[in-house]
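Notes for the one structure printed next.
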Amino acid sequence: MTTALLTHADCLTHETPPGHPEQVARLEHVLHALAGLDLKRVTAPMAAEDDILRVHPAAYLEDLRRVVPREGLRQIDADTWMSPGTLDAAFRAAGAAVRAVDLVLSGEVDNAFCATRPPGHHAETDSSMGFCLFGNAALAAKHALDHHGLKRVAVVDFDVHHGNGTQDLLWAEKRALLVTTQQMPLWPGSGDPEEDGAYGNIMNLPLPPESGGAEMRAAYTEQAFPRLRAFKPELIILSAGFDAHAEDPLAQLHWTTEDFRWLTTELCSLAQELCQGRIVSTLEGGYDLNALAEAAKAHVEELIKAAT
């Protein structure tokens with residue numbers, strides 16, 4: 001079997017102002033790092049409107065369509081911008097996540113990585129936020145549950161910033177378990193352990209600033225992995241942010257590339273144990289270009305090893 005890589009050139013047409021951390025070069029660096037790997041390369045489709053509407057209301061989608069600029073850039077919230085290509089890029093990012101679920105659940109591939117942008121885990125039910133427009137991981141989870149009829153799907157988010165959007169979108173979804181590690185305190189300010197979902201289906205594991213791989217490994221080994229085993233997911237979706245890297249300029253965690261490799265290896269092993277190795281991973285943050293490329297490559301290399 002194999003690992004799928006889903007991406008599309010449209011994701012390079014989402015432009016942001018000079019100096020903005022969520023820039024075109026992020027995806028360019030990731031794709032360059034993955035260029036020599038043995039992957040099944042899949043063109044990311046546009047998400048169907050129904051896929052978006054599983055987690056976002058129609059009025060929100062119409063609002064986004066109304067504010068897309070015909071030229072130049074438009075700021076739509078405190079740190080999220082749109083260019084003429086942004087909405088197509090967002091539909092490709094959401095479509096990649098949905099298509100990846102289809103590929104994995106059909107058995108065509110063992111696992112998949114979506115190299116797309118804009119990211120998704122800060123987008124709440126009816127608002128963009130933190131560079132994100134659509135909740136890609138959450139809508140992929142809902143697609144697996146509603147379209148494929150799975151009974152239990154887990155989302156694991158290891159971005160350094162709390163996935164407030166995924167938490168919001170899955171808050172009342174008792175068929176989904178969200179496990180998330182994040183630096184705290186840090187923007188967006190959510191992610192306290194007491195935020196545990198309508199059905200106790202959310203597990204927040206905050207990590208203190210200046211902590212490193214040892215603290216991360218302990219949190220996953222002692223808390224996250226036992227919770228995932230108890231939940232017994234039929235699919236694991238990863239919000240793969242690489243901004244906990246020590247070189248990242250937007251946070252103060254000190255993970256190394258080998259920490260990301262370790263975490264991916266362990267999650268793949270857990271998936272083999274629980275759900276036939278079925279993993280869908282989608283790119284979230286990571287803002288030092290070289291660290292992002294290196295860590296993303298290590299992540300995908302471990303997905304490939306797990307699929308062979």
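Just so you know, all these numbers are worked out from the coordinates, no wet-lab data involved. Just so it is clear, the structure is predicted and the values come from calculations on it, not from any experiment. No Cβ is skipped: glycine too gets one built from the backbone with ideal geometry, and neighbour counts run over all protein chains shown.
Total residues in the range 99-157 satisfying the condition of being small (Gly, Ala, Ser) and closer than 25 Å to Tyr60 by Cβ: the figure is 12.
Identify the residue in the range 73-103 that is in a helix (DSSP H, G or I) and among the acidic types (Asp, Glu) and, among all such residues, is surrounded by the fewest Cβ atoms within 10 Å (Cβ to Cβ). Within the range 73-103, the match that is surrounded by the fewest Cβ atoms within 10 Å (Cβ to Cβ) is Asp88. Among the residues making up the range 115-168, those that are touching a strand residue (DSSP E or B) at 6+ places or on another chain (Cβ under 8 Å), of a type in the set (S, T, N, Q) and not in a loop (DSSP other than H, G, I, E, B) are Asn136, Asn164, Thr166, Gln167.
Any idea which of (1) surrounded by fewer than 18 Cβ atoms within 10 Å (Cβ to Cβ); (2) touching a strand residue (DSSP E or B) at 6+ places or on another chain (Cβ under 8 Å) is the one Ala25 doesn't satisfy? Of the numbered conditions (1) surrounded by fewer than 18 Cβ atoms within 10 Å (Cβ to Cβ); (2) touching a strand residue (DSSP E or B) at 6+ places or on another chain (Cβ under 8 Å), the odd one out for Ala25 is (2).
Would you mind stating whether Ala47 is assigned to a helix (DSSP H, G or I) and of a type in the set (Gly, Ala, Ser)? Against the criterion (assigned to a helix (DSSP H, G or I) and of a type in the set (Gly, Ala, Ser)), Ala47 does not qualify. If you scan the range 120-165, which residues turn out to be surrounded by fewer than 24 Cβ atoms within 10 Å (Cβ to Cβ) and of a type in the set (Val, Ile, Thr)? If the condition is that a residue be surrounded by fewer than 24 Cβ atoms within 10 Å (Cβ to Cβ) and of a type in the set (Val, Ile, Thr), then Thr125 is the only one that fits.
Of all the numbered requirements in (1) closer than 18 Å to Gly285 by Cβ; (2) free of Cβ contacts under 8 Å to residues at least 24 places away in the same chain, Glu62 misses one, and that requirement is (1). Taken together, the residues in the range 169-179 that are free of Cβ contacts under 8 Å to residues at least 40 places away in the same chain and outside any loop (DSSP other than H, G, I, E, B) amount to 3. Condition test on Val109, is it assigned to a loop (DSSP other than H, G, I, E, B), farther than 22 Å from His20 by Cα and in contact with a strand residue (DSSP E or B) (Cβ under 8 Å, 6 or more places away or on another chain)? Considered against the rule, which asks whether it is assigned to a loop (DSSP other than H, G, I, E, B), farther than 22 Å from His20 by Cα and in contact with a strand residue (DSSP E or B) (Cβ under 8 Å, 6 or more places away or on another chain), Val109 comes out as yes.
From the set of residues in the range 276-294 that are out of contact with any Lys or Arg (no Cβ under 8 Å at 6 or more places or on another chain) and assigned to a helix (DSSP H, G or I), which is farthest from Phe131 (Cα to Cα)?
The qualifying residue farthest from Phe131 (Cα to Cα) is Glu294.
Against the conditions (1) farther than 20 Å from Asn164 by Cβ; (2) crowded, with 23+ Cβ neighbours inside 10 Å, Ala246 satisfies every one except (2). When Arg66, Arg70, Arg117, Arg41 are checked against the criterion of being among the basic types (Lys, Arg) and surrounded by 23 or more Cβ atoms within 10 Å (Cβ to Cβ), a single residue qualifies: Arg117. Set side by side, the residues Asp243, Asp259 differ, and just one is touching a Phe, Trp or Tyr at 6+ places or on another chain (Cβ under 8 Å) and among the charged types (D, E, K, R), which is Asp243.
Among residues of the range 237-269 being part of a helix (DSSP H, G or I) and touching a helix residue (DSSP H, G or I) at 6+ places or on another chain (Cβ under 6 Å), the one that is nearest to Met1 (Cα to Cα) is Cys268. Just one residue in the set Arg278, Arg217 is within 28 Å of Leu170 (Cα to Cα) and surrounded by fewer than 18 Cβ atoms within 10 Å (Cβ to Cβ); that residue is Arg217.
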